[in-house]
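Read through the structure below, which is laid out as structure tokens, and then see the notes.
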Amino acid sequence: MRKTIYILNGPNLNLLGKREPEIYGHETLDDVRAACVKVGAASGLQVELMQSNWEGQIVDWIHDARDQAAGIIINPAALTHTSVAVLDALNSFSGPVIEVHISQVHKREAFRHHSYVSQRADAVMAGFGVHGYALAMQHMVKLLA
Ligand code: CA2
């Protein structure tokens with residue numbers, strides 16, 4: 001059976017490519033999905049990319065990943081900086097977790113410098129633009145090899 005990677009995206013990332021291109025670029029989540037599917041296909045990994053504006057939905061998907069996914073790539077968006085619930089859910093998942101931020105959060109406002117999710121993440125990407133997702137997929141391939 002092919003392994004599946006969940007790529008989870010938090011609040012407002014549905015606007016990717018449609019607003020604030022100076023920070024987040026012009027590419028959409030569909031473009032991100034296509035790039036990650038391509039990386040996965042070369043290594044026999046399947047990709048499921050989801051986005052929600054609801055914290056509880058992200059938590060539920062992380063719980064689903066316990067049975068359904070070999071690894072999680074997550075851009076928790078604003079929940080990065082606020083959500084103990086997302087951290088607790090990730091702590092219940094035993095596979096590799098990679099945290100992705102499109103922007104270089106450490107160059108931005110101080111409140112973006114702290115991440116609850118980083119306490120669980122096996123790797124963190126920030127400032128690579130949306131290319132960070134495909135890079136995270138490449139690293140996921142290595143972690144699962
Ligand atoms: O840089 C990232 O990927 C962030 O996770 C994005 C979050 C922000 O709260 C984090 O501090 C860093 C915001 C996501 C909002 O996404 C938008 C995309 C396009 C237009 C408007 C919002």
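The values are calculated or read from the model by the stated rules, or taken from the named source; none is laboratory data. Everything numeric here is computed off the predicted structure, so don't read it as measured data. Ideal geometry is used to build each Cβ from the backbone, glycine not excepted, and the neighbour counts take in all protein chains shown. The area values use the complete protein model at the heavy-atom level, side chains included, leaving out ligands, DNA and RNA. Shrake-Rupley method; radii C 1.70, N 1.55, O 1.52, S 1.80 Å.
Report yes if Trp54 is aromatic (Phe, Trp, Tyr), under 20 Å from Asp30 (Cα atoms) and open to solvent by less than 70 Å² (accessible area, probe 1.4 Å), otherwise no. So Trp54 does not fit the description; no.
Among the residues of segment 1-36, those identified as open to solvent by 60 Å² or more (accessible area, probe 1.4 Å) and in a loop (DSSP other than H, G, I, E, B) are Met1, Arg2, Asn12, Lys18, Arg19, Glu20, His26, Glu27.
Considering Val39, Val59, Val86, the condition of being more than 10 Å from the ligand (Cβ to nearest atom), assigned to a helix (DSSP H, G or I), closer than 19 Å to Val105 by Cα and not small (Gly, Ala, Ser) is satisfied by Val86 alone. So, in segment 1-35, exactly how many residues are under 19 Å from Val117 (Cβ atoms), within 16 Å of the ligand (Cβ to nearest atom) and touching a Phe, Trp or Tyr at 6+ places or on another chain (Cβ under 7 Å)? Within segment 1-35, residues that are under 19 Å from Val117 (Cβ atoms), within 16 Å of the ligand (Cβ to nearest atom) and touching a Phe, Trp or Tyr at 6+ places or on another chain (Cβ under 7 Å) number 4. Restricting the search to segment 94-123, which residues are within 8 Å of the ligand (Cβ to nearest atom), closer than 17 Å to Leu49 by Cβ and in contact (Cβ under 8 Å) with a residue 40 or more places away in the chain? Across segment 94-123, the qualifying residue is only Ile102.
Taking the criterion of being in contact with a Ser or Thr (Cβ under 8 Å, 6 or more places away or on another chain), within 18 Å of Ala77 (Cα to Cα) and in contact (Cβ under 8 Å) with a residue 24 or more places away in the chain, the residues of segment 9-47 that qualify are Asn9, Gly10, Pro11, Leu16, Ile23, Tyr24.
Going through Ala89, Ala78, Ala34, Ala42 one at a time, which residue ends up being in contact with a Pro (Cβ under 7 Å, 6 or more places away or on another chain) and of a type in the set (A, V, I, L, M, F, W, C)?
From the options Ala89, Ala78, Ala34, Ala42, the qualifying one is Ala78.
Taking the condition among the polar types (S, T, N, Q), surrounded by 14 or more Cβ atoms within 10 Å (Cβ to Cβ) and touching a residue at least 12 places away in the same chain (Cβ under 8 Å), does Asn91 pass? It is false that Asn91 is among the polar types (S, T, N, Q), surrounded by 14 or more Cβ atoms within 10 Å (Cβ to Cβ) and touching a residue at least 12 places away in the same chain (Cβ under 8 Å).
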